[in-house]
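**Student:** If you scroll down you'll find the structure; I have some questions about it.
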Amino acid sequence: MEPSISIPINKYSKVRPDWVFFIYFTVMFCLYMNTIIQFLIQMFIIAYVIIRKFKGMKISIKKDTLKSILFFLVWFGGLTLLLFLSTKFWAYSYITGSKTMMGVFRCFGIGLAMFLYVDSTEKALSLLQSFAYASVILGIVALITTPISQYFQAGEEGFGQVIGQQRNIIGAIAAGMSVVCVYLKRYTDFKYGNYLSAYFVILTVITGSRASIIQLLILFVLIVIIDKDFFKMITKAIVFVVIAVIVILLLKNVPILYENIWIRFGDMFSTMTGEKIEDASTQGREFYKEIAFIMFKEKPILGWGLDGFMCYLRDFPYYKGYTIEAVYSHCNFSELMSCLGIVGLLIWYIPTFSILIKGFKNRACHPLIKIMFFWLFSMIILDYARIPWMSHPGSYQYFLVFIAIIYLSNDVKKQSNTISKQDK
């Protein structure tokens, strides 16, 4: 049953970006290869949060903030602790030069700073606006630094590699921002949101990331079919079909799109259905999941420890007659089940689904809650092809959508309490 409480539609209309966080996100995204600059900008944003929280030589933290911090410590803090303990007690082996643990630890530090800093929905949305603008800069820098011949491509010289970003990471950000920007434009003080949405759609396609294109389609379909107004739903469905036909015609008739998008999707589906092995990447990823499950059955409780999947492939590279390169599993639940077992899966997914359910229950209370629910839902589905906690951009998306749903839901509760008092 949908809630009857509604947040005033214009409640967040004056929210503007936090330009300090915009600078932080931009530097982190575009100077990803420079470890020293990364460290300095991280110290800068942590200092900024601490200074903002100090009032009269004491830290001022609201009750809602304490609750959200506790949630973060249980969820991402639990994951970080479990990964660290595995290196000390049960990890199968180690990868020379691995930066996984340090990367997760730094994501934890920034996440804790973000959860500490946000004490209202307005601040949550302000950080989201900052992230969106920084993502625009990330896309522009990736487009400029990547040779046009490497658009749509992966690999060491592929899209975004010059600045240390992968096309799948940039595509994941662009897919989410494609729809989030429209809602930020409508319900907050976010300039040019509609234009930025179109920009992010184009950027998603140029990355060539099939997972990101699928996420974009999922988001568009959700926006079309989940609408209480039947007339609006039919209208949006017609528009969606018309756009889909135009897109298909472009994909089949524009050579660069046909070769890099249409054929690759066709090869992917042929490989996944077993009709014909046309795509080595898709076949490899299916093998990764099968190998991860084999590892899980051998050590189901705590798994093989940090980087366990990669270490296992390094030591046992042969599978079904193929030599498998030692890489990460490219799948969140595969990586968690193989490296951290049932405990890791529970630590990540119980909090994640609790936020998803919270967003679902309150989705009708304000359009921003609905789009946050859609965004999180699409990201969870695409866990099939991503490991979000292994990169800053991936982690930040989860931090932001979690914070937004938590505080928007708090506003629903406050609105409900206000109405109840008025009725009495």
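**Student:** Which residue, LEU127, LEU81, LEU219, tops the fluctuation ranking in a GNM of the chain built on C-alpha contacts under 10 Å?
**Tutor:** Looking only at LEU127, LEU81, LEU219, the biggest GNM fluctuation is shown by LEU81.
**Student:** Could I have the simple spin-label model distance between ILE225 and VAL343, label points 7 Å from Cα toward Cβ, reported in nm to one decimal?
**Tutor:** For ILE225 paired with VAL343, the spin-label model returns 3.9 nm.
**Student:** Within the stretch 91-117, find all residues whose amide N lies under 19 Å from a label point positioned 7 Å from the Cα of VAL327 along Cα-to-beta-carbon.
**Tutor:** 95-96, 98-100
**Student:** One-quarter of the Cα convex hull surface for the chain, in nm²?
**Tutor:** 23.2
**Student:** Before I look further, what does the stretch 40-115 give for accessible area per residue, probe 1.4 Å, in whole square angstrom?
**Tutor:** Numbers: 4350 Å² over 76 residues.
That works out to 57 Å² for each residue.
**Student:** Whose amide H sits under 5 Å from the amide H of TYR32, counting only residues 5 or more places off or on another chain, with H placed in the peptide plane?
**Tutor:** Close amide H contacts, sequence-distant or interchain: none at all.
**Student:** If r is the Cβ-Cβ distance from MET101 to ASP315 and R0 is 25 Å, what FRET efficiency results, to the nearest 0.05? If you can, show how the numbers build up before the last one.
**Tutor:** Values: r = 20 Å, r/R0 = 0.79.
Efficiency, from the Cβ-Cβ distance: 0.80.
**Student:** Moving to a separate point now. Skip the ligands, DNA and RNA, and give the accessible area per residue of the stretch 276-424 with a 1.4 Å probe, whole Å².
**Tutor:** Per-residue value: 40 Å².
**Student:** Another question, if that's okay. Over the chain, with every protein chain in place, what whole percent of the accessible area is carbon and sulfur at 1.4 Å, could you tell me?
**Tutor:** On the way: 13600 of 20180 Å².
Carbon with sulfur: 67 percent of the solvent-accessible area.
**Student:** Say we join alpha carbon atoms closer than 10 Å with springs in a Gaussian network model of the chain; which of SER120, SER13, SER197 then has the biggest fluctuation?
**Tutor:** In this elastic network of the chain, the residue with the biggest mean-square fluctuation among SER120, SER13, SER197 is SER13.
**Student:** Mind running the shape call on the stretch 110-254? Use the C-alpha gyration tensor, a ≥ b ≥ c as the square roots of the eigenvalues: rounded below 1.5 for a/c, prolate if a/b tops b/c, oblate otherwise. Please report the intermediate quantities before stating the final value.
**Tutor:** Numbers: a/c = 2.18, a/b = 1.02, b/c = 2.12.
Oblate shape, in that a/c is at least 1.5 and b/c is the bigger or equal ratio.
**Student:** Pop a pseudo-label 7 angstrom from the Cα along the beta-carbon direction at both GLU286 and LEU81 and give the gap in nm to one decimal.
**Tutor:** Calculated label separation equals 4.0 nm.
**Student:** Additional query: Could you list the trypsin sites (Lys or Arg not before Pro) in the stretch 165-263 that lie in coil according to DSSP, counting only those with at most 14 other Cβ atoms within 10 Å of their Cβ? Walk me through the numbers on the way to the answer.
**Tutor:** On the way: sites: ARG167, LYS185, ARG186, LYS191, ARG210, LYS228, LYS232, LYS236, LYS252; in loops: LYS191, LYS228.
Here the trypsin sites (Lys or Arg not before Pro) that fit, given the DSSP loop and packing criteria, are LYS191, LYS228.
**Student:** Per residue of the stretch 194-202, in order, report the coupling 6.51 cos²θ - 1.76 cosθ + 1.60 (Karplus, θ = phi - 60°) as ³J(HN,Hα) in whole Hz, putting x for Gly and Pro.
**Tutor:** Once θ is set to phi - 60°, the couplings for the stretch 194-202 become 5, 5, 5, 4, 4, 4, 5, 4, 4 Hz.
**Student:** Moving to a separate point now. Which value at 222 nm does the chain reach when only helices count, each DSSP H run of 4 or more adding -39,500 (n - 2.57), with the total divided by all residues and rounded to the nearest 500 deg cm²/dmol?
**Tutor:** Working: 17 runs with 286 residues, N = 424.
Only helices count here, giving -22500 deg cm²/dmol.
**Student:** Taking the Cα centroid of the stretch 1-71 and of the stretch 336-395, what is the distance between the two, rounded to the nearest whole Å?
**Tutor:** The two parts, judged by their Cα centres, are 19 Å apart.
**Student:** Using the beta-carbon distance between SER60 and LYS414 and R0 = 25 Å, what value does 1/(1 + (r/R0)^6) give for FRET efficiency, to the nearest 0.05?
**Tutor:** Working: r = 19 Å, r/R0 = 0.77.
The pair SER60/LYS414 has a calculated efficiency of 0.80.
**Student:** Between TYR195 and LYS14, what length in nm is gained on full extension when 0.36 nm per residue of separation is reduced by their alpha carbon distance? Can you show the working numbers first?
**Tutor:** On the way: separation 181, 0.36 × 181 = 65.16 nm, distance 1.98 nm.
Working it through step by step, the gained length comes to 63.2 nm.
**Student:** Among PHE105, PHE240, PHE220, which one shows the biggest mean-square fluctuation in a GNM of the chain, springs joining Cα atoms closer than 10 Å?
**Tutor:** With Cα springs under 10 Å in the chain, the top fluctuation among PHE105, PHE240, PHE220 is at PHE240.
**Student:** With a Förster radius of 45 Å, plug the Cβ-Cβ distance of LEU40 and ILE301 into 1/(1 + (r/R0)^6) and report the FRET value to the nearest 0.05. Intermediate results must be reported in sequence, preceding the final value.
**Tutor:** Numbers: r = 40 Å, r/R0 = 0.89.
Once the sixth-power term is evaluated, E becomes 0.65.
**Student:** How charged is the neighbourhood of TYR398? Take every other residue with its Cβ under 12 Å from the Cβ of TYR398, and add Lys/Arg as +1 and Asp/Glu as -1. Before the final figure, lay out each step's value.
**Tutor:** Details: positive: ARG386; negative: ASP383.
Net charge around TYR398: 0.
The values are calculated or read from the model by the stated rules, or taken from the named source; none is laboratory data. Quantities reported herein were computed from a predicted structural model and do not represent experimental measurements. Note that each Cβ is placed from the backbone with ideal geometry, even for glycine, and that neighbours are counted across all protein chains shown. Just so you know, the surface numbers come from the protein's heavy atoms only, side chains and all, with ligands and any DNA or RNA stripped out. Shrake-Rupley method; radii C 1.70, N 1.55, O 1.52, S 1.80 Å.
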